[in-house]
1. Go over the candidates Ile60, Ile158 one by one and state the one that is aliphatic (A, V, I, L, M) and modelled with pLDDT of 95 or more.
2. Would you mention how many residues in segment 33-56 are surrounded by 13 or more Cβ atoms within 10 Å (Cβ to Cβ), more than 7 Å from ligand 1 (Cβ to nearest atom) and not charged (D, E, K, R)?
3. So which residues in segment 85-100 are among the aromatic types (Phe, Trp, Tyr) and under 15 Å from Cys48 (Cβ atoms)?
4. Just one of (1) more than 8 Å from ligand 2 (Cβ to nearest atom); (2) in contact (Cβ under 8 Å) with a residue 40 or more places away in the chain; (3) over 16 Å from Ala109 (Cα atoms) trips up Cys84, so point out which.
5. If a residue has to be surrounded by fewer than 17 Cβ atoms within 10 Å (Cβ to Cβ) and in contact with a strand residue (DSSP E or B) (Cβ under 6 Å, 6 or more places away or on another chain) to count, how many in segment 67-84 make the cut?
Amino acid sequence: MDLKRHIIVEGLRSLLRSSTSKYPKVPYVPPDGYRGAAEYDSEKCVGCGACSQTCPPGAITFTDEEKKRNIELKYGFCSFCGRCEEICPWEAIHLTKNYELAVYNHEDARTGIDIEFFECVKCRKSFFPEPQMKVSLEKVKDALSKYHIKQEELANLISICPQCSFTVEEMPERRLFMRRLVE
Ligand code: SF4
Ligand code: SF4
C-alpha cells in the first residue's frame with residue numbers, strides 16, 4: 001500500500017472509531033500488573049517497618065507512639081516502583097489499580113495503618129509491635145525445638161522490655177537461656 005492510500009485509509013478509520021478513551025465518563029480499567037496506589041492489608045501487616053526502610057523515595061515512614069506504631073504512606077512522594085510490595089515478608093502491602101489520587105490538599109493523599117504495641121509484663125510499658133512478636137515466635141518454633149526449648153520459654157523472655165530485662169534479677173535467666181543455644 002502506497003503512502004497516500006495508507007493515509008486515506010487511516011483517516012477514514014479514525015472517523016469511524018475514537019482514538020481516545022471516554023474517561024472520566026466511562027471509567028478506565030487498568031491492565032493487570034498496573035502499579036497504582038499501594039494499600040495495606042490490616043489483617044496481615046505486623047508492623048515490622050521493612051516497607052519503610054526499603055522505600056526508595058522515603059514515601060513510607062513510621063512513628064512509634066505510646067501504645068502503637070503508625071505507618072504512613074504519602075502518595076505525593078511515591079514513585080509506584082512496587083518495592084514495598086516485593087519486600088514485605090507478610091504480603092501485607094499491595095499496589096492496587098487505583099489511579100485516581102487527585103486531592104485538593106496534598107496532606108490528604110496518604111494511607112496508613114496503626115499497629116498495637118505489646119506491653120512489658122513487668123512495667124506495662126509498650127515496646128514492640130504485638131503482631132510482629134507473634135509471627136516471630138511462630139517462625140522460630142522449629143529452630144527452638146532443636147535445642148529442646150519450648151516456644152513459651154522464649155515468649156516469656158521476650159515479653160519483658162529491654163529496660164526491665166537488663167536487671168540483676170532478669171540477667172541470670174537470660175544468660176542460661178543463651179547458653180542452651182550454644183551448648
Ligand atoms: S506492610 Fe509488610 S513490610 Fe510494611 S510494616 Fe507491614 S508487614 Fe512490615
Ligand atoms: S511503590 Fe515504591 S515509592 Fe511507592 S511506597 Fe512502595 S516502595 Fe515507596
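The values are calculated or read from the model by the stated rules, or taken from the named source; none is laboratory data. This one's a predicted model, so the numbers in the text were calculated from it and none came from an experiment. All Cβ positions, even for glycine, are placed from backbone atoms using ideal geometry, and neighbour counts span all protein chains on display.
1. Matching residue, one of Ile60, Ile158: Ile60.
2. 6
3. Within segment 85-100, Trp90 is the sole residue that qualifies.
4. (1)
5. Of the residues in segment 67-84, 4 are surrounded by fewer than 17 Cβ atoms within 10 Å (Cβ to Cβ) and in contact with a strand residue (DSSP E or B) (Cβ under 6 Å, 6 or more places away or on another chain).
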